[in-house]
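The structure appears right after this line, and notes come after that.
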């Protein structure tokens with residue numbers, strides 16, 4: 001491994017094992033005789049024991065893992081809290097524990113694709129340059145999946161085709177290039193997908209997504225559009241909480257199925273609300289929309305609403 005890291009090669013571990021502390025020493029530069037190429041450390045086909053712990057460290061080269069199983073240490077499978085990382089990529093890997101990256105600074109993005117994380121991802125107060133991509137992965141501990149309140153992200157948040165077992169929380173998070181969650185499944189526990197008071201400088205794409213325990217975008221400011229076409233959202237009371245939402249490029253609920261109320265009271269919606277074929281099943285109120293402002297049309301053709309429409 002050491003020779004490959006010095007050359008910048010991808011090192012095939014041959015299903016072998018290494019200890020996480022070896023990676024820590026290597027990437028911290030604690031041993032001058034262990035050199036790392038500028039392209040970083042790239043490992044494949046093996047097992048990392050005792051987790052990866054870079055808490056409080058500065059890592060100036062990328063770390064890329066492919067087909068790697070990570071067995072958790074005492075605190076997490078991957079611990080990056082308060083670290084400064086160049087770039088992190090993990091493809092087709094299995095983390096046997098959470099990924100803890102609160103207050104981390106990552107310069108050139110995070111890519112997590114395929115396989116499984118046995119626990120949640122913590123990125124509270126993190127600063128990530130570029131994209132944070134979680135594509136086609138299984139994540140969560142059945143209570144929480146992604147806890148990222150205050151996450152600062154300059155690129156998009158990508159959750160396409162992922163299965164998140166637990167809540168997603170992005171309260172008050174400034175997200176620089178939108179959220180892409182097409183075909184995602186979120187089996188929420190308490191709050192479902194909560195982006196309350198977030199600022200999203202792009203589109204919020206939820207096409208064909210399935211969300212339980214509700215979607216909250218109340219008080220959020222979205223510079224693009226919200227597209228929940230063909231999605232299914234359920235909650236005991238309010239399926240979509242969008243009070244005082246400000247969305248500039250339109251709100252699409254075409255062929256969307258809601259079990260619970262659509263609450264858009266006080267929302268400001270630019271370029272129209274498209275809700276053709278919307279189905280809302282609620283015991284009392286299907287839609288509450290007092291004080292709403294729509295710059296454009298509101299189309300409810302083919303919609304089916306079980307419950308009252310409230311415009312106080």
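What follows draws every value from the coordinates through simple rules; no lab data is involved. Note that this is a predicted model, so its numbers are computed, not measured. Methodologically, a virtual Cβ is constructed for each residue, glycine included, from the backbone with ideal geometry; neighbour enumeration extends over all protein chains shown.
Looking only at 135, 299, 252, which one moves most when the chain is put into a Gaussian network model with springs between Cα atoms under 10 Å?
Highest fluctuation of the listed residues: 299.
Let me have the relative contact order for the stretch 63-179, percent, based on Cα pairs under 8 Å that are six or more residues apart. Can you show the working numbers first?
Details: 385 pairs, mean separation 22.4, N = 117.
This gives 19 percent for the stretch 63-179.
Ratio to report: Rg/Rh of the stretch 123-176, with Cα atoms as the point set and Rh obtained by the Kirkwood method; give two decimals.
Working: Rg = 10.8 Å, Rh = 11.2 Å.
Ratio of gyration radius to Kirkwood radius for the stretch 123-176: 0.96.
Taking the chain as a Gaussian network, Cα atoms linked when under 10 Å apart, which of 53, 12, 82 shows the biggest mean-square fluctuation?
Evaluated over the chain, the most mobile residue of the options is 12.
If you stretched the chain out fully between residue 127 and residue 141, how much longer would it get, using 0.36 nm times the residue separation minus the C-alpha to C-alpha distance? Working shown, then result.
Details: separation 14, 0.36 × 14 = 5.04 nm, distance 2.40 nm.
Extra length available between residue 127 and residue 141 comes to 2.6 nm.
On alpha-carbon atoms, Rg over Rh for the chain using Kirkwood Rh? Mind showing how you got there, number by number?
Numbers: Rg = 21.5 Å, Rh = 20.2 Å.
Ratio of gyration radius to Kirkwood radius for the chain: 1.06.
Label points 7 Å out from Cα along the Cβ direction at residue 309 and residue 107: separation in nm?
Each label point is offset 7 Å from its Cα along the Cβ direction, giving 5.5 nm.
How high is the relative contact order of the chain? Use alpha-carbon pairs under 8 Å, at least six apart in sequence, and give a whole percent. Numbers along the way, then the final one.
Details: 1149 pairs, mean separation 23.5, N = 312.
The value is 8 percent.
Stokes-Einstein at 4 °C, 1.567 mPa s, Kirkwood radius from Cα pairs: D for the stretch 160-230 in µm² s⁻¹?
110 µm²/s
Could you work out which residue, out of 13, 88, 23, moves most in a Gaussian network model of the chain, that is, has the largest mean-square fluctuation with Cα springs under 10 Å?
Ranking 13, 88, 23 by mean-square fluctuation puts 13 first.
What is the distance, in nm, between label points placed 7 Å from the Cα along the Cα-to-Cβ direction at residue 293 and at residue 154?
3.3 nm
Per 5 Å bin, what is the whole-percent P(r) computed from every C-alpha pair distance within the stretch 247-312?
Result, from short to long distances: 5, 19, 26, 29, 17, 3, 0 percent.
Where the centre of each part is set by its Cα atoms, how far does the stretch 7-69 sit from the stretch 175-225, in angstrom?
Here the answer is 34 Å between Cα centres.
If I stretch the segment between residue 39 and residue 268 completely, what's the gain in nm (0.36 nm per residue apart, minus their alpha carbon distance), one decimal? Before the final figure, lay out each step's value.
Numbers: separation 229, 0.36 × 229 = 82.44 nm, distance 4.68 nm.
Here the segment from residue 39 to residue 268 would lengthen by 77.8 nm.
What FRET efficiency comes out for residue 31 versus residue 172 if R0 is 30 angstrom and r is the Cβ-Cβ distance? Round to the nearest 0.05.
Working: r = 41 Å, r/R0 = 1.38.
Taking R0 as 30 Å, the efficiency between residue 31 and residue 172 is 0.15.
Could you give the nm distance between label points at residue 237 and residue 190, where each point is 7 Å from its Cα heading toward the beta carbon?
Distance between the two pseudo-spin positions: 1.5 nm.
What does the extension gain come out to for residue 302 and residue 50, with contour length at 0.36 nm per residue minus their alpha carbon separation? Could the numbers behind the result be given before it?
Values: separation 252, 0.36 × 252 = 90.72 nm, distance 5.59 nm.
Full extension from residue 302 to residue 50 adds 85.1 nm.
Over all directions, average the projected area of the Cα convex hull of the stretch 184-312 and note it in nm². Display every interim value, and only then the final one.
On the way: hull surface 25.8 nm².
The directionally averaged projection comes out at 6.4 nm².
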